[in-house]
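Asks: Before I ask anything, here is the structure I am working with.
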Amino acid sequence: RFKTYELEKSFLIKKFFPHTDIYGILCENLSLGRNNIQIAKEMIKAGIKIIQYREKHKSKLEKYKECKIIRTLTKNNDVFFIVNDDVDIALSVKADGIHIGQEDMPIKEVKKLAPNMIIGLSTHNENQAKKAVKNGADYIGVGPIFKTNTKKNIEKSEGLNYLKWVSENISIPYVAIGGIKESNILEVKKNGGRCFAMISEIVSAKNIAEKVKNIRKILS
Ligand code: 3NM
């Protein structure tokens, strides 16, 4: 059974982290009055293939209800769905993955709870990246690449230098994050970026489809 999980996982990873693309993250506060469900629909319409649910200020029940709806939307549209922090919600809505930070439960424990789920871990330096690989993370977040106002009290990183190091030394998929915008994404790509996670740049765009189209044009 374990082997089946591992096979499924490597299939999912290959399918959803295969080449240069955008990783969308929800954040209602920054969404210009639109709710998470609307934004998820717009991201899907714009062709985003990975969506993460990340809400720090809602109750467990609210988060669960939203994730349940977004799980159905993403499943129907062949979009990969990742839940931030809440392993219980990720399991109960049958998300594809769970994303955790350095302050969350150890990855080994999360893997025991959710053996068939893709597990991503935020990392901010080389040691954390090496440790994440050793402990079995399926992918890592790499950041913050630039200054960001979206996440407070964030651990510092060497930004583009750290990303470049990851691109040359880490064998699992990685996602660049932190202050990435249409205006600087090419620089991120030039320093080894392949998958680009953005919160404010996408959810605060008036026209998300147009924003995604413009970013993809720059990346191509
Ligand atoms: N994690 P924006 S940076 C959630 O470096 C998060 O691990 C980061 O938001 C990390 O795209 C970040 O608006 C915030 O800058 C990203």
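Each reported figure results from applying straightforward, stated rules to the coordinates on display, with no laboratory input. This one's a predicted model, so the numbers in the text were calculated from it and none came from an experiment. So basically every Cβ, Gly included, is an ideal-geometry build from the backbone, and we count neighbours across all protein chains shown.
Asks: Give just the number: which of (1) without any contact (Cβ under 8 Å) to a residue 60 or more places away in the chain; (2) surrounded by 22 or more Cβ atoms within 10 Å (Cβ to Cβ); (3) not hydroxyl-bearing (Ser, Thr, Tyr) does Ile118 not satisfy?
Replies: (1)
Asks: All but one of (1) more than 16 Å from the ligand (Cβ to nearest atom); (2) charged (D, E, K, R); (3) closer than 20 Å to Lys151 by Cα hold for Arg71, so report the exception by its number.
Replies: (3)
Asks: Check Ile25, Ile89, Ile50, Ile39 and return the single one that is touching a Cys at 6+ places or on another chain (Cβ under 8 Å), touching a residue at least 12 places away in the same chain (Cβ under 8 Å) and within 24 Å of Asn214 (Cβ to Cβ). Even if it seems obvious, please write down each step before you answer.
Replies: Numbers: Ile25 fails: touching a Cys at 6+ places or on another chain (Cβ under 8 Å); Ile89 fails: within 24 Å of Asn214 (Cβ to Cβ); Ile39 fails: touching a Cys at 6+ places or on another chain (Cβ under 8 Å).
Exactly one residue qualifies, and that residue is Ile50.
Asks: Quick check on region 59-77: of everything there that is of a type in the set (Ser, Thr, Tyr) and either assigned to a helix (DSSP H, G or I) or in contact with a Ser or Thr (Cβ under 6 Å, 6 or more places away or on another chain) (or both), which residue is farthest from Ala40 (Cα to Cα)? I'd like the intermediate steps shown before the answer.
Replies: Narrowing region 59-77 to residues of a type in the set (Ser, Thr, Tyr): 59, 64, 72, 74.
Going one step further and asking which of them are either assigned to a helix (DSSP H, G or I) or in contact with a Ser or Thr (Cβ under 6 Å, 6 or more places away or on another chain) (or both), we end up with 64, 72, 74.
Numbers: Tyr64: 15, Thr72: 11, Thr74: 8 Å.
Within region 59-77, the match that is farthest from Ala40 (Cα to Cα) is Tyr64.
Asks: Among (1) in a helix (DSSP H, G or I); (2) among the basic types (Lys, Arg); (3) free of Cβ contacts under 8 Å to residues at least 60 places away in the same chain, there is one condition Lys94 misses while meeting the rest; what is its number?
Replies: (1)
Asks: While we're looking at this one, here's another question. Would you point out the residue of region 148-166, among those that are within 8 Å of the ligand (Cβ to nearest atom) and charged (D, E, K, R), that is surrounded by the fewest Cβ atoms within 10 Å (Cβ to Cβ)?
Replies: Looking at the filtered set, the residue picked out is Glu155.
Asks: Based on what the data block shows, is Lys130 out of contact with any strand residue (DSSP E or B) (no Cβ under 6 Å at 6 or more places or on another chain), in a helix (DSSP H, G or I) and within 16 Å of the ligand (Cβ to nearest atom)?
Replies: When the stated conditions are applied, Lys130 does not pass them.
Asks: Filter region 104-126 down to residues that are within 16 Å of the ligand (Cβ to nearest atom) and not aliphatic (A, V, I, L, M) and give me whichever is nearest to Glu6 (Cα to Cα).
Replies: Gly120
Asks: Inside region 98-154, can you point out the residues that are of a type in the set (Gly, Ala, Ser) and closer than 27 Å to Ser200 by Cα?
Replies: The answer is Gly101, Gly120, Ser122, Ala129, Ala132, Ala137, Gly141, Gly143.
Asks: Just the residues that are surrounded by 20 or more Cβ atoms within 10 Å (Cβ to Cβ) and away from the ligand (no atom under 12 Å from the Cβ), please, taken from region 133-147.
Replies: If the condition is that a residue be surrounded by 20 or more Cβ atoms within 10 Å (Cβ to Cβ) and away from the ligand (no atom under 12 Å from the Cβ), then Ala137, Asp138, Tyr139 are the ones that fit.
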